[in-house]
1. Using Cα centres only, tell me the gap between region 35-50 and region 191-253 in whole Å.
2. So if we plug the beta-carbon distance of Arg295 and His232 into 1/(1 + (r/R0)^6) with R0 = 22 Å, what FRET efficiency do we get, rounded to 0.05?
3. Take the Cα atoms of region 218-266, build their convex hull, and give its volume per residue in Å³.
4. Less than 14 Å Cβ to Cβ from Leu273, Lys/Arg counted +1 and Asp/Glu -1: what total charge do the surrounding residues give?
5. Pop out the carbon and sulfur fraction of the accessible area of region 169-320 as a percent, whole number, probe 1.4 Å.
6. For Leu186, put the label point 7 Å out on the Cα→Cβ axis and report which residues of region 246-268 keep their amide N under 19 Å from it.
7. Spelling out what I want: for every residue of region 41-50, take phi, set θ = phi - 60°, compute 6.51 cos²θ - 1.76 cosθ + 1.60 (Karplus), and round to whole Hz; glycine and proline get x.
8. What does the charge add up to near Arg244, with Lys and Arg as +1, Asp and Glu as -1, over the other residues with Cβ less than 12 Å from its Cβ?
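The values are calculated or read from the model by the stated rules, or taken from the named source; none is laboratory data. Note that the structure is a prediction, hence the values are computed from the model and not measured. Glycine gets a Cβ as well: all are built from the backbone with ideal geometry, and neighbour counts include every protein chain shown. Please note that ligands, DNA and RNA were not included when accessible areas were found on the heavy atoms of the full protein model with its side chains. Shrake-Rupley method; radii C 1.70, N 1.55, O 1.52, S 1.80 Å.
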Amino acid sequence: MADNRNSDPIDVALHCARAALGMMERHRIPPYPENFSIWYAYVNGRNPELTAAIEEILRAGKRFSPEINDTLYERFAAFTPDKAELREVGQRVEEAVGRMLDYLSHASQGTSNYGAALENFSGCLSTNDPTPGQINEAVAAILTETRTMTDLNRQLERRLASSGREIRQLRDALDSLQREASTDALTQLANRKTFDSVITQAIRDADYTGRPLCLVMVDVDHFKSFNDTYGHPLGDQILKLIGRSLVETIQSKDTAARYGGEEFALILPETDLEAAIVIADDIRLRVAGRRVTNRRTGETLGQVTLSAGVAQFVAGETITSLVHRADEALYLAKREGRNQVRSERELAPDRI
């Protein structure tokens, strides 16, 4: 999300700030900094995806619950890695590569000098009857250049080894920043931003190839009650458990994401509806089969269950349409008693 502090004149910034606070008050949204940053950006109007997401919530008449607020922040603000950190790592990579080029240039100059010395020696030997003094002088020059070349090679080896280590460290730092930008910190699944990117590409691929694509939306049953009863730390353990269960069930071509709050999503390319239902039910059974225990007290807290909805992509449809059908199937599973999987085939026509 763009940093509007440096782009808006003071009068515009004040207008946007007042408008954002007014809208937050109307929708009973706590004026926390994270919430304010989202609504300021919405009023500012420079992020079309954020605008579309909020307007979709408004049209649906949904309440801006803490979960929805957190999801908006995670999706449009929190996923962005620190730009200063990225610039610093990028600059250090450029400097390290520049040093390596300097080392190689210096070594190349040494090689040229050594070649010139060899040519002089060869020229000396090819002359008619070189004197002993000429031969000794040529040999001495060769020995000097050989020692110089040996020293240069040793220096180059040390410098290249040092630069290689530095570049590997910088590469690891960039990989870490990339993981942080695309991963949910708690569950280590793909975050909402990554979900949006992957589902967009998956739909393009399915449209192009004609191969099936399914989306599974998963929600933890009675999660709020569990959190209220046992506290957020144990609630976080439940979300981690579900994250592990998703990863253990899916294949490498699939993507498991934390969609927001206690809701998860599975993107299943090259998977039809029947197979996706089986995968979703495998996950449901895997989670239901585990007993949750308070590690500190040893108390058994009971069973955690999931509800899931499955939908298959229809050629030409939008992401919103696909997510809507999977969500409606999920809500059907909730209405019919939870701890079950429902698909789009079971939806009433007015729910599709």
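1. 26 Å
2. Efficiency at R0 = 22 Å is approximately 0.90.
3. Convex hull volume per residue, Cα atoms: 60 Å³.
4. Details: positive: Arg211, Arg325, Arg342, Arg345; negative: Glu270, Asp272, Glu274, Asp281, Glu344, Glu346.
The answer is -2.
5. Values: 3560 of 7460 Å².
Whole-percent figure for carbon plus sulfur exposure: 48.
6. Correct set: 246-248, 256-266.
7. Working through the residues one at a time gives 5, 5, 5, 4, x, 9, 10, x, 5, 5 Hz.
8. Numbers: positive: Lys240, Arg286, Arg290; negative: Glu248.
So the environment of Arg244 carries a net charge of +2.
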